[in-house]
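Undergrad: Quick one: structure below, then a few questions.
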Amino acid sequence: MNTLKQVRGVNAVRASTRYIDRSIALIDICAVIGVVAVLFTGLVIIKKWPPIVWVDVVTDDAYYYLGIVRNLIDHGVSAFLPPFSTNGYQPLWVALLSGSASIFGTAEKSLVGQIYALSFLFLLLFCLASKVRYGMAFPAVAATYYFSYVTTAGMETSMIPFFFILYTSARSWPAKGAIGSLLFLSRLDSLSVVVASDVLGVIQRKDVEFKKYLIILPVIGLYFAINHHYFGTALPVSGLAKSIGNVRGENISTGIAYFVEVRKCILPVLLGLLVYLVLIRKSMHLVYRDELAISLISLIICATYYAINSGWKVWGWYYWPVLLFVYYIMLEVVTIIKSQHAPGKMIPLYYLFAMIGVILFLAKPALGFSYRTIQSLRESIVEPHKHLTFGRRNIELISYLHAQNISPGSFFAMGDRAGSFGFFLGNEYRFIHTEGLVGPYSYYQAMSRDKGLDFINRLNVNYLVADRGNFIDSDNIIGVVEPVQPLSSKFGDYLLCFKKDGIALDQSYFNEEHAFQKRYLLDFKERVDCPRSVNDQFVSLRSRYGGIAKFSGVAPKQPGR
């Protein structure tokens, strides 16, 4: 009789184990199908509809990459638009996009489709690596739901989660050296993964595997040497520009933002995990403690670096260490649930339902990712002019310029939100990026000496495009600050003033993300000397931490830019 009960008990355990395993496998399949559905939906929309519909399918900064890749392939020049060359980008993403563009071409639709597809390719590789290494894929998609700017917005951080799993799984020093180099070339701050891994090695084993640096350090040195030879600076100007005028220690909120992002999505799961470890297991042993430690140390390194060295805020794709930390917390929870199915151990029915409930709670973001994204894509097709964004205003502005027969070679200046404008404007016009992110090193040097205005005055600019919540306004004068994004910056930015008669086109608009935006195409012929009242307000705003950015109303409510 006892034997029969034992057999039934074992069979019940096996049945519940199979139920959990099959549930996870089914969720994995549904999550990956959802990712593929989003990928193909986006590609179809890009192919069938005009840019006004799909301009926001990738984030605006992704268009800086596309402009640079187009010029590399078509003209052999590392430039966003003529006449300036730039190194304001992460190298591996440009290399991959350049390889793609050399095969599929540099037409506008083709390039946007390529960067969109490449982002999702690396998301699918992330899912595949997760399934092969850890036995489940849906936590990768669930983490993407919360941090879609990291993986699906067309930015270089799409590569990092996949490389992270490869790096933490590698056992030989040549493999770690090669993958560590790919991490560095993906995004310079992802070298923190290698450093974090070494810190953990010192803590655990009092040892560091130095041989991998025989590969990593020459790659870093070669990258710096190439940059210095061709551009005059070892570091990319996109990072240098964000340090101009920064007061060390003033921008601590930038570092805090990393930790704030963690609590939004994972706090209930994290608290539940702690309760389980303390009250039920009575052990703090974690299956993925090394990966969690590395991602957490990387997070701390990045948060500290940007809080000290950058005067700017951070955007959604900067949160790649947070995505990794959230991902491994989710893996930990699901692995704990699966580990309860020890042979011969009967699981109470209420506990089984509780475990299934936790899995479904974690699976909801994975399943919701495709629905939310496809719904957003569908809404963009239906009357896009009623869902205004600065990207769509950029497309409308270019149509206006062509309708007005603005002569080729005209010189445009724009700072914030200029990616899609410059990309679709095209090489028949000249352009200066007033933020300096894809500008020349000489412009960075001028701003670092507080001479950015002198640099602009020498260019014979024809038009300035400015998109703000507020301008410095006095009587018949509009004061435009460039660049407008720094929070901690006591010098480097400058003031341009125009008569209101110089508004060649008023594109002001309202949208849900940024509320009311004042957006003007300003004729440089109508520039005037700034009156004292406008200049005094500019000096006052610049003297306060975040004064200019907060006054201008450029901070997005959602992560990303």
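Undergrad: Per the Cauchy relation, a quarter of the hull surface: what is the mean projected area of the convex hull of the alpha carbons in segment 379-444, in nm²?
TA: On the way: hull surface 20.7 nm².
If I average the Cα hull's projected area over directions, I get 5.2 nm².
Undergrad: What distance in nm separates the two pseudo spin-label positions at Arg449 and Val260, each 7 Å out from Cα along the beta-carbon direction?
TA: So the label points at Arg449 and Val260 sit 3.7 nm apart.
Undergrad: Report the net charge of residues surrounding Gly180, where surrounding means a beta-carbon distance below 14 angstrom and charges are Lys +1, Arg +1, Asp -1, Glu -1. Could you put the intermediate results ahead of the total?
TA: Details: positive: Arg171, Lys176, Arg187, Lys211, Lys212; negative: Asp189, Asp198, Glu209.
It works out to a net charge of +2.
Undergrad: How big is the Cα convex hull of segment 167-220 in projection, averaged over all directions, in nm²? Could the numbers behind the result be given before it?
TA: Numbers: hull surface 13.1 nm².
For segment 167-220, the mean projected area of the Cα convex hull comes to 3.3 nm².
Undergrad: Mind giving me the FRET efficiency for Leu214 and Asp290? R0 is 25 Å, r the Cβ-Cβ distance, nearest 0.05 is fine.
TA: On the way: r = 23 Å, r/R0 = 0.93.
The computed FRET efficiency comes out at 0.60.
Undergrad: Which value, in nm² and rounded to one decimal, describes the direction-averaged projected area of the C-alpha convex hull of segment 85-205? Don't jump to the answer; show the numbers that get you there.
TA: Values: hull surface 36.6 nm².
With every direction weighted equally, the projected area is 9.2 nm².
Undergrad: If you count, for each residue, the other Cβ atoms within 10 Å and average over each peptide, how do 175-182, 148-155 line up from highest to lowest? Don't skip to the end; give the middle numbers.
TA: On the way: 175-182: 21.5, 148-155: 25.9.
So the peptides 175-182, 148-155, ranked by packing, come out 148-155, 175-182.
Undergrad: For segment 234-244, in order, what is each residue's ³J(HN,Hα) by Karplus, 6.51 cos²θ - 1.76 cosθ + 1.60 with θ = phi - 60°, in whole Hz (x at glycine and Pro)?
TA: 6, 9, x, 5, 4, x, 4, 4, 7, 9, 5
Undergrad: OK, next. Using DSSP to define loop residues, name the trypsin sites (Lys or Arg not before Pro) in segment 366-469 whose beta-carbon has at most 14 other beta-carbon atoms within 10 Å. Spell out each step's value before the answer.
TA: Details: sites: Arg372, Arg378, Lys386, Arg392, Arg393, Arg417, Arg430, Arg449, Lys451, Arg458, Arg468; in loops: Arg417, Arg449, Lys451, Arg458.
When the trypsin sites (Lys or Arg not before Pro) of segment 366-469 are filtered for loop state and at most 14 Cβ neighbours within 10 Å, Arg449, Arg458 remain.
Undergrad: Related question: Thr434's amide H: which non-local residues (gap 5+, or another chain) put their own amide H closer than 5 Å, with H modeled 1.01 Å from N in plane and none for Pro or chain starts?
TA: Amide H neighbours of Thr434: Met414, Gly415.
Undergrad: Excluding Ala504 itself, what net charge comes from residues whose Cβ is under 15 Å from its Cβ, given Lys and Arg +1 and Asp and Glu -1? Could you put the intermediate results ahead of the total?
TA: On the way: positive: Arg393, Lys499, Lys500, Lys518, Arg519, Lys525, Arg527; negative: Glu396, Asp467, Asp501, Asp506, Asp523, Glu526.
Here the count lands on +1.
Undergrad: Just to be sure I understand the curve: with the Debye formula and one point per C-alpha of segment 388-552, what is log10 I(q)/I(0) at q = 0.08, 0.10, 0.15, 0.19 Å⁻¹?
TA: Relative scattering, expressed as log10 I(q)/I(0), comes to -0.22, -0.34, -0.81, -1.37.
Undergrad: Can you pull the Rg over Rh of segment 482-557, Cα-only, Kirkwood? Kindly include the intermediate steps, with their values, before the conclusion.
TA: Values: Rg = 13.6 Å, Rh = 13.8 Å.
In segment 482-557, Rg relative to Rh is 0.98.
Undergrad: Between Ala107 and Val77, what is 0.36 nm times their sequence separation minus the Cα-Cα distance? Round to one decimal in nm. Can you show the working numbers first?
TA: Numbers: separation 30, 0.36 × 30 = 10.80 nm, distance 1.70 nm.
Extending this stretch completely gives an extra 9.1 nm.
Undergrad: Sequence-distant or interchain residues sharing an amide H contact under 5 Å with Asn246, placed H: which?
TA: Amide H to amide H, under 5 Å and 5 or more residues apart or across chains, Asn246 pairs with Lys490.
Undergrad: May I ask you to list, by number, the DSSP H helices of the chain whose Cα span along the axis is at least 18 Å and whose average Kyte-Doolittle hydropathy reaches 0.5 or more? Don't skip to the end; give the middle numbers.
TA: Working: long enough: 2-48 (68 Å, 0.88); 62-75 (19 Å, 0.26); 91-104 (19 Å, 1.51); 108-134 (39 Å, 1.09); 173-186 (19 Å, 0.96); 192-205 (19 Å, 1.26); 213-231 (26 Å, 1.33); 252-275 (31 Å, 1.64); 289-309 (29 Å, 1.04); 320-339 (28 Å, 1.62); 349-381 (47 Å, 0.95); 390-403 (19 Å, -0.04).
Both cut-offs are met by 2-48, 91-104, 108-134, 173-186, 192-205, 213-231, 252-275, 289-309, 320-339, 349-381.
Undergrad: Related question: Give me the distance in nm between label points sitting 7 Å out from Cα along the Cα-to-Cβ direction at Val528 and Asp473, one decimal.
TA: Here the answer is 1.6 nm between the modelled labels.
Undergrad: So for segment 388-552: antiparallel DSSP bridges make up what percent, rounded to the nearest 5? If you can, show how the numbers build up before the last one.
TA: On the way: 23 of 30 bridges.
So the antiparallel bridges in segment 388-552 amount to around 75 percent.
Only the coordinates and a few stated rules stand behind these numbers; no lab work does. The structure presented is a predicted model; accordingly, all values stated were derived computationally and were not measured. Please note: Cβ atoms are built from the backbone with ideal geometry, for glycine as well, and neighbour counts cover all protein chains shown.
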